[in-house]
Amino acid sequence: MKITFPNGSSKDFEAGSNALEIAKSLSNSLAKSSISAKVNGEPYDLTRQIFKDSEIEILTADSEEGLDVLWHSTTHLMAQAVKELYPNAKLGVGPTIENGFYYDIYLEDSLSVNELEKIEAKMLELSKKDYTVTRKELSKAEAVKFFGEMKEDFKVELINSFEDENVSTYSQGGFTDLCRGPHVVSTGVIKYFKLLNVSAAYWRGDEKNASLQRIYGISFPKKQQLDDYLFRLEEAKKRDHKKLGKQLGLFSFHNESPAMPFWHPMGMRMLNQIMNYWKEIHYKHGYSEVRTPFILDETLWHKSGHYDNYKENMYFINIDEKEFAVKPMNCPGHCLIFKNEKHSYKEFPIKFAELGIVHRNEKSGVTNGLFRVRHITQDDAHIFCTHEQIETEVCKVMDLLDEIYKDFHFNEFNVELSTRPAKSIGTDEMWQNAEGSLANALKSKGINFKLNPGDGAFYGPKIDIHIKDALGRSWQCGTVQLDFSMPARFELSYIGEDGNEHTPVMIHRAILGSIERFVGILIEHYAGDFPTWLAPVQVGIIPVSEKFEGFAKELSEKLEKAKIRVKFDNRSEKVGYKIREGELEKIRYLFVIGENEVGSNIFSIRKRHSNELLKLTAEEFIDYIQQEIIDKN
């Protein structure tokens, strides 16, 4: 049989050969590092035989798909260890997730985090035994009988829900689990792993079902990779925005308004800085700021389609015996503003931008600090344009996005293009043109992107942008979505060059996403140590005694007039204590005012993260810090 490789080369092998044998024929190092394979695009175990001409790709754990296989195999190793330690355990499901894997398992007694070490030790023991992993196909009836005899009730329920008539199982050292695969060739491949946490989870996510225990873990092919990951994990704990938000006095949460942040004075300083920046840069890029009401007639949400598709996430209120909804999104309001006047193609593009307050009824189990809240300040904009303008406007959005992310010191981001889903509206031609416009825009800007076939919205294709923070974590913030549905639903129109009415294209566009979530990302990205332009307090002024308070106060007022955010600390505390506290508050610059400063009017200024003292007059410092603010440092 003829085997073709990703580089286009090909080689003949005996029919019935497997991917591991093929890898060995290429190089021993490839064979040793291989995890699984893809044969004609289908995932394959390394030992699964191939009988016909095929295209093959050998996957190592250095690839995303290969690492996913290693993680999935580690879930089986963990489940085997749990079953040996707790024979009455019943297995639920054990998928891979963005960072590792978990397994939902029913246990008679609750596990503590401390017991994870015992499971890890058993996993290591099973790994060293290097059990061969074997795949077997069963009919549904055979599988139900097999898992039924083992009293694996959750597996039986899953099998009965499958449409396929056959299922596959994987076995290793007397342990068998239900799985599509693929998996590593033996347990000995899995050497470097760590169980991270355990929490409660309902079977199939339904609170009416049995309560299981979800064990989270991670694994890597090399010890250094695991050590690096665990280091980043510890660093992430130190950067936890909930902890730092409290320490820096930025925000708090209260039961009187669950999952809705209360912004404190320092938090509002930062929030206002971000929003003022947002307004200025959008004005510079040709957007017109608008504001729409928080509460709109329920019928509007039927027209927009949100009622049918988003009702469970909305809040409703009755006013004068009429139903209204608290808005979860701003787009219908922007459509009403557009429709309020007649428009010509000569006005296009029309760009409405709004830092709109929206509310979404998120379930309490998924809310998480600022990352998932019910009260959201949405970085929102909608561009109304012609079909011919799509590519140009998307290019402009990408330019704006690049400028904004760099100002916040996010210099790396990944882009995904999602195309037409199975359920969609519009013609084939319309979708082809729209997807082509988005792809061409990205290509013209030299932006590499990943294609997500069938993952677009029903009303149009979209671009999603993922920024990377200081720890290398990915956050999806930006999105650019083409919408052919809402303009038609709201009967929006403009007079074209031909004198006839036409329906505009609507581009939904966000860059920061939820401002609350973005602040949470910033806190963790900077570890609360914000650059000067964002810092809630840029300068701390500390007089060494009451004798110098008047002079220090004058300096404080001079800086405040220059629009510098100052904390004047004249408390009756020791100077050393106030300096240490200023450092804990991560204040960028500290002035300590004493006899020398009053006499010379030259200040010794402590700059954060620098052992050197700046020696500047007040005027020189104002010029210095204002340039830093302009440069977004």
| request: Could you grab me the full set of residues in the stretch 94-128 that are over 12 Å from VAL198 (Cβ atoms), crowded, with 20+ Cβ neighbours inside 10 Å and more than 23 Å from the chain's Cα centre (by Cα)? | output: MET123, LEU126, SER127
| task | Inspect all residues belonging to the stretch 322-334 and state whether any of them is surrounded by 20 or more Cβ atoms within 10 Å (Cβ to Cβ), more than 27 Å from ILE274 (Cβ to Cβ), more than 26 Å from the chain's Cα centre (by Cα) and among the small types (Gly, Ala, Ser). | result | yes
| message | Looking at (1) open to solvent by 10 Å² or more (accessible area, probe 1.4 Å); (2) touching a residue at least 24 places away in the same chain (Cβ under 8 Å); (3) within 23 Å of the chain's Cα centre (by Cα), which one does GLY66 not meet, given that it meets all the others? | response | (1)
| query | Pick from ALA552, ALA488: which is among the aliphatic types (A, V, I, L, M) and closer than 30 Å to GLY599 by Cα? | reply | ALA552
| request: Please tell me if GLU546 is acidic (Asp, Glu) and either out of contact with any strand residue (DSSP E or B) (no Cβ under 7 Å at 6 or more places or on another chain) or in contact (Cβ under 8 Å) with a residue 12 or more places away in the chain (or both). | output: yes
| request: Go through the stretch 437-478 and count every residue that is small (Gly, Ala, Ser) and farther than 21 Å from ASP407 by Cα. | output: 8
| note | For the stretch 399-447 the number of residues that are in a helix (DSSP H, G or I) and within 19 Å of the chain's Cα centre (by Cα) is 5
| task | Scan THR75, THR4 and give me the residue that is surrounded by fewer than 16 Cβ atoms within 10 Å (Cβ to Cβ) and either of a type in the set (Val, Ile, Thr) or at pLDDT 95 or above (or both). | result | THR4
| message | Considering only residues that are open to solvent by less than 50 Å² (accessible area, probe 1.4 Å) and touching a helix residue (DSSP H, G or I) at 6+ places or on another chain (Cβ under 7 Å), which ones fall in the stretch 78-93? | response | MET78, GLN80, ALA81, VAL82, ALA89, LYS90, LEU91, GLY92
| task | Report, by residue number, each residue of the stretch 291-305 that is open to solvent by 20 Å² or more (accessible area, probe 1.4 Å) and under 28 Å from the mean Cα position of the chain (by Cα). | result | ARG291, PHE294
| query | When the stretch 343-381 is examined, which residues are found to be charged (D, E, K, R), assigned to a loop (DSSP other than H, G, I, E, B) and touching a strand residue (DSSP E or B) at 6+ places or on another chain (Cβ under 7 Å)? | reply | ARG360, GLU362, ARG374
| query | Only one residue in LEU492, LEU471 is at pLDDT 95 or above and outside any strand (DSSP E or B). Which one? | reply | LEU492
| Lone qualifier among LYS445, LYS462, LYS468 - being open to solvent by 70 Å² or more (accessible area, probe 1.4 Å) and of a type outside the set (Asp, Glu) | LYS445
| task | Mind counting the residues in the stretch 351-405 that are within 28 Å of GLU435 (Cβ to Cβ), aliphatic (A, V, I, L, M) and in contact with a Phe, Trp or Tyr (Cβ under 7 Å, 6 or more places away or on another chain)? | result | 2
| Residue identified as within 26 Å of the chain's Cα centre (by Cα), of a type outside the set (D, E, K, R), at pLDDT 95 or above and open to solvent by 20 Å² or more (accessible area, probe 1.4 Å) among PHE231, PHE262, PHE251 | PHE262
| request: Please name all residue pairs, on different chains or six or more residues apart, with Cβ atoms under 9 Å, provided the first residue is in the stretch 404-418 and is on the phi > 0 side of the Ramachandran plot and open to solvent by 10 Å² or more (accessible area, probe 1.4 Å) and the second residue is among the aromatic types (Phe, Trp, Tyr) and in a helix (DSSP H, G or I). | output: HIS409/TYR526
| said: Looking only at the stretch 596-619, filter to residues that are part of a helix (DSSP H, G or I) and touching a Leu at 6+ places or on another chain (Cβ under 9 Å); which one of those is modelled with the highest pLDDT? | reply: ALA618
| task | Quickly run through the stretch 129-140 and pick out the residues that are within 19 Å of PRO182 (Cα to Cα), in a loop (DSSP other than H, G, I, E, B) and over 36 Å from the mean Cα position of the chain (by Cα). | result | ASP130, TYR131
| Here are some conditions: (1) more than 30 Å from SER364 (Cβ to Cβ); (2) in contact with a strand residue (DSSP E or B) (Cβ under 6 Å, 6 or more places away or on another chain); (3) surrounded by fewer than 19 Cβ atoms within 10 Å (Cβ to Cβ). SER199 meets all but one. Which one does it not meet? | (1)
| message | Please go through the stretch 604-613 and give me each residue that is touching a residue at least 24 places away in the same chain (Cβ under 8 Å) and buried (at least 16 other Cβ atoms within 10 Å of the Cβ), ordered by number. | response | ARG606
| Which of the residues spanning the stretch 421-439 are under 17 Å from ILE507 (Cβ atoms) and open to solvent by 70 Å² or more (accessible area, probe 1.4 Å)? | ASN433
| query | Does the stretch 372-403 hold any residues that are open to solvent by 40 Å² or more (accessible area, probe 1.4 Å), of a type outside the set (Lys, Arg) and farther than 26 Å from LEU492 by Cα, and which are they? | reply | HIS375, ASP399, ASP402, GLU403
| task | Filter the stretch 141-167 down to residues that are within 22 Å of TRP203 (Cβ to Cβ) and part of a loop (DSSP other than H, G, I, E, B) and give me whichever is least open to solvent (accessible area, probe 1.4 Å). | result | GLU152
| note | Of the residues in the stretch 306-321, those that are of a type outside the set (A, V, I, L, M, F, W, C) and crowded, with 17+ Cβ neighbours inside 10 Å come to HIS306
| field | Residue satisfying condition, being among the small types (Gly, Ala, Ser) and touching a His at 6+ places or on another chain (Cβ under 6 Å), within set SER73, SER9 | value | SER73
| query | When you go through (1) in a strand (DSSP E or B); (2) on the phi > 0 side of the Ramachandran plot one by one for ALA259, which number turns out not to apply? | reply | (1)
| note | Residue count, the stretch 22-57, condition open to solvent by 30 Å² or more (accessible area, probe 1.4 Å) and touching a Leu at 6+ places or on another chain (Cβ under 9 Å), comes to 4
| Among LYS242, LYS246, LYS284, which is in contact (Cβ under 8 Å) with a residue 12 or more places away in the chain, open to solvent by 40 Å² or more (accessible area, probe 1.4 Å) and of a type in the set (Lys, Arg)? | LYS242
| task | Would you be able to say whether some residue in the stretch 176-189 is open to solvent by 80 Å² or more (accessible area, probe 1.4 Å), polar (S, T, N, Q) and within 27 Å of LEU116 (Cα to Cα)? | result | no
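The values are calculated or read from the model by the stated rules, or taken from the named source; none is laboratory data. Remember, predicted model here, so these are calculated numbers, not experimental data. We place every Cβ from the backbone using ideal geometry, glycine too, and count neighbours over all the protein chains shown. To get the accessible areas, we keep the full protein, side chains included, count just its heavy atoms, and leave off ligands, DNA and RNA. Shrake-Rupley method; radii C 1.70, N 1.55, O 1.52, S 1.80 Å.
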